[in-house]
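One structure below.
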Amino acid sequence: MSALVRRLIDRWRKTPQGEPKIKKGLPFTRLKHTEEMFFETEFFKYNAKPQYLIHYWLEQQGLTKTPKWSCTCPDFVNRKGPQHKMCKHCQAVAMLARANTSPFIAKHLRVLTKDIYYKMIAMPIGQPLPILPNGAPTKRLRITIADSEPGYIAYISRRFICYTCGGPAGVQYLKGRQCKHIACYSKSLNDDDYKQYCHIMPTNMFRTAVQQQQRNTKTAWQRF
């Protein structure tokens, strides 16, 4: 296939849509009547990882409280955070908290409890997909983290896939990295506390559940 043909295909292919109202690079902002909040976001336009985690809190400094933000995205970690500025994910959270939102933001952000936030931040979300030892059997699992949409993952031919995050074939949008569902299973291999979220499924039930989730447009990648 020529480079010209590839460029044309990439131009015609549907890509994730962004939200132009979200500004980034603004100073840390304060949310009224809010001491602390936790969020997850997934599938913003050019995410390097399938999910990011955002934390807002007030930090006591002398007689006053100062707003603090954190986000696991590379832009915040490497650039905006050290400058005490907001990345687009933090800014979207601020817009959501102030009800100055849009359907795009409402679809892509979810409030977390403190417990679930700290469980998720301990997962290897965004790390390279793991490879199990030679001879590891095929696995098909439903991953249910709190009240979020279940994730359907499989380990087949020494490769992890997630039909909820990775696209129709379970691979494309992972970009070779662990989504929260695969990361949760990875964590469960070394931490029994995470096994409560992982449920092995028979093949037929797994396939039916995957198809039903896609028919109901409940997968993460269908938010585009």
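The values are calculated or read from the model by the stated rules, or taken from the named source; none is laboratory data. Computed from a predicted model, the values in this text were never measured in an experiment. So basically every Cβ, Gly included, is an ideal-geometry build from the backbone, and we count neighbours across all protein chains shown.
Structure summary
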read-out: Hey, Y56 touching a helix residue (DSSP H, G or I) at 6+ places or on another chain (Cβ under 7 Å), of a type in the set (S, T, Y), closer than 12 Å to K180 by Cβ and buried (at least 20 other Cβ atoms within 10 Å of the Cβ) or not; value: no
read-out: Scan of region 67-110 for residues that are of a type in the set (A, V, I, L, M, F, W, C), modelled with pLDDT under 90, surrounded by fewer than 18 Cβ atoms within 10 Å (Cβ to Cβ) and farther than 14 Å from K32 by Cα, ordered by number; value: A106
read-out: Unique residue being out of contact with any strand residue (DSSP E or B) (no Cβ under 6 Å at 6 or more places or on another chain), touching a residue at least 40 places away in the same chain (Cβ under 8 Å) and either surrounded by fewer than 16 Cβ atoms within 10 Å (Cβ to Cβ) or within 24 Å of T219 (Cα to Cα) (or both) when the list is T113, T64; value: T113
read-out: Helices (runs of 4 or more DSSP H) within region 109-224 that include 3 or more residues aromatic (F, W, Y); value: none
read-out: Test set (1) under 15 Å from the mean Cα position of the chain (by Cα); (2) within 22 Å of I116 (Cα to Cα) - F76 fails condition number; value: (1)
read-out: Filter pass, L8 being modelled with pLDDT under 60, outside any loop (DSSP other than H, G, I, E, B) and either assigned by TED's automatic domain parsing to the domain that holds M86 or among the aliphatic types (A, V, I, L, M) (or both); value: yes
